[in-house]
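Just so it is clear, none of the values below were taken in a lab; they were calculated from the coordinates. These numbers come from a predicted model, not from an experiment. Ideal geometry is used to build each Cβ from the backbone, glycine not excepted, and the neighbour counts take in all protein chains shown.
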Amino acid sequence: MGLADYLRLGGRKVLGLDIGTSSVKIAQVKKTNGQYCVGKCAKVDIASWDCENEDEFRKNTIDAVRLCVDIVEARTSYAVCAVNGADVTVRSFNFPEMAEEQIAWAVLQEAEQVSPLDIQFSVVDYELVSGPNDGQGISGLLVAASIELVREKRQKATDAGLQNVVMDVNSLALLNCFTEFGADCRDRTTAVLDIGNRTTNLLILSEEALPFVRSISHGGAEAVKFISKELEMSVKMVDEVLRQRIRNISETESFKHCFRRGCETLVREVAETFRYYRTHENDCRIAKVYICGGFAGAAGFEELLNERFPGQIELWNPLQNASFQSRVGDVEEIIREGPSMAVALGLAMRSI
């Protein structure tokens, strides 16, 4: 079973549907003359995302998906979704020359070696960068994901009234989006850090190597819950403060101190991943780190990263210089949500 589960529908429009753990995002794009034009987009917070009742959380998530669909006034039910987190592995591979019919088996063998997942209960897919008969060996990216995770994400889309026609991976959708809407990274090594609620995806791009992809099992939720406990504030209020909807509190020393402690594990994991990359993958200095995702704009976060990685950090908004279709609604509001829309945009760029 391939992770990229295409239906032969030919040229149909799709919705890029990013179902996160604190919000749902939908994006629509149209490709004309080789360039993407952004259509209607929407972001809806999942009510009580920190609740421990799984049935309530699931219902709230599906409600958020439905509301997103209503906001963009979708004229299609075809959705491209993605899986993410600890039950997903993305790795590059390099094989010697082999017959085309042997590649799938070689990828499966490689997946068993590099993925912590039980491959018998996983879906595995791959994309070649160089293939047979080009004289450069065979290289590409492989993906392994838990079958249960794929089914769960697909079922949420179905329960919201959509048809999940392609299942992607968050980090590769992020790569798609950065390739189209990101900065020109030729002649330098660049990282893209997508900080979500519970998971952070890291891409490192270099002309000298295949994309390096890692998923870090830490996100903004840890900082939010830590501050909530330490300062006896509700999760909702902490969230509002970090989104800068409630002024002054984020500037207090007690809040700043708690925020730093709450982000400590995430920042350390990012630094360790950078060190691993230079030691084991590509001994090149990372010149720039572009940050995006729902937590990237949290009050004080960019400043905190700049202290750890001076001169490297820049908030990336993929919609800042994008072209928009007519009648998309409030363009300024859509652009403001841009840093959290990268995965949804990357998903919307997939075609069926």
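With a ≥ b ≥ c taken as the square roots of the eigenvalues of the C-alpha gyration tensor of the stretch 1-127, please select rounded if a/c is under 1.5 and otherwise prolate if a/b is larger than b/c or oblate if it is not?
oblate
On a straight-distance basis, which aspartates and glutamates could pair with Lys156 in a cross-link, Cα separation under 17 angstrom, same-chain partners fewer than 8 positions away excluded?
Cross-link targets: Asp5, Asp18, Asp45, Glu54, Asp55, Glu56, Asp63, Asp70, Glu148, Asp168.
Please report the antiparallel percentage of DSSP beta bridges with both residues in the chain, rounded to the nearest 5.
70
In whole percent, what relative contact order does the stretch 223-291 give with Cα contacts below 8 Å and a gap of six or more residues?
Dividing the mean separation by the residue count of the stretch 223-291 yields 28 percent.
Counting only DSSP beta bridges with both residues in the stretch 184-315, what percent are antiparallel, rounded to the nearest 5?
55
With runs of 4+ DSSP H residues as the only contributors, calculate the mean residue ellipticity of the chain at 222 nm using -39,500 (n - 2.57) per run, divided by the residue total and rounded to the nearest 500.
-11000 deg cm²/dmol
Using +1 at the C-beta of Lys and Arg and -1 at the C-beta of Asp and Glu, which of Leu347, Ala221, Leu15 has the Cα lying farthest in the positive direction of the dipole of the chain?
Going by the charge dipole, the pick is Leu15.
Within a Cβ distance under 10 Å of Ser171, other residues only, what is the Lys/Arg minus Asp/Glu net charge?
Once positives and negatives cancel, what remains is -1.
At q = 0.12, 0.18, 0.21 Å⁻¹, what is the base-10 log of I(q)/I(0) for the stretch 184-315 according to the Debye formula with one equal point scatterer per Cα and no solvent? Please give it to two decimals.
Taking Cα atoms of the stretch 184-315 as identical point scatterers yields -0.47, -0.93, -1.19.
Hand me the trypsin sites (Lys or Arg not before Pro) from the stretch 66-170 located in a DSSP loop with no more than 15 other Cβ atoms within 10 Å, in residue order please. Each step should come with its number before you reach the end.
Details: sites: Arg66, Arg75, Arg91, Arg151, Lys153, Arg154, Lys156; in loops: Arg75.
Those satisfying the criteria are Arg75.
Once amide H atoms are placed 1.01 Å from N in the peptide plane, what residues at a sequence separation of 5 or more from Met341, or on another chain, have their amide H within under 5 Å of its amide H?
It is Gly293, by chain and number.
Give the shape of the stretch 92-224 as rounded, prolate or oblate, defined through the alpha-carbon gyration tensor: a ≥ b ≥ c are the square roots of its eigenvalues, a/c under 1.5 means rounded, and otherwise the shape is prolate if a/b is larger than b/c and oblate if not. Mind showing how you got there, number by number?
On the way: a/c = 1.83, a/b = 1.19, b/c = 1.54.
Oblate, because a/c is 1.5 or more while a/b does not exceed b/c.
Could you list, in their original order, any pairs among Lys43/Lys229; Lys236/Lys256; Lys59/Lys153; Lys153/Lys288 whose Cα atoms are separated by more than 22 Å?
From the list (Lys43/Lys229; Lys236/Lys256; Lys59/Lys153; Lys153/Lys288), the Cα-Cα distance tops 22 Å for Lys43/Lys229; Lys153/Lys288.
How high is the relative contact order of the chain, in percent, with contacts defined as C-alpha pairs under 8 Å that are six or more residues apart?
Over the chain, the number comes to 23 percent.
Among Arg268, Arg350, what is the fewest-to-most ranking by other Cβ atoms within 10 Å?
Exposure proxy ranking, most exposed first: Arg268, Arg350.
So if the hydrodynamic radius of the chain is defined as the Kirkwood radius over C-alpha pairs, what does Stokes-Einstein give as its diffusion coefficient at 20 °C and 1.002 mPa s, in µm² per second?
Stokes-Einstein gives a translational diffusion coefficient of 102 µm²/s.
Run down the aspartates and glutamates and flag those whose C-alpha is under 15 Å from the C-alpha of Lys13, throwing out any fewer than 8 positions away in its chain.
Of all the aspartates and glutamates, those that pass the test against Lys13 - Cα under 15 Å, at least 8 places apart if same chain - are Glu73.
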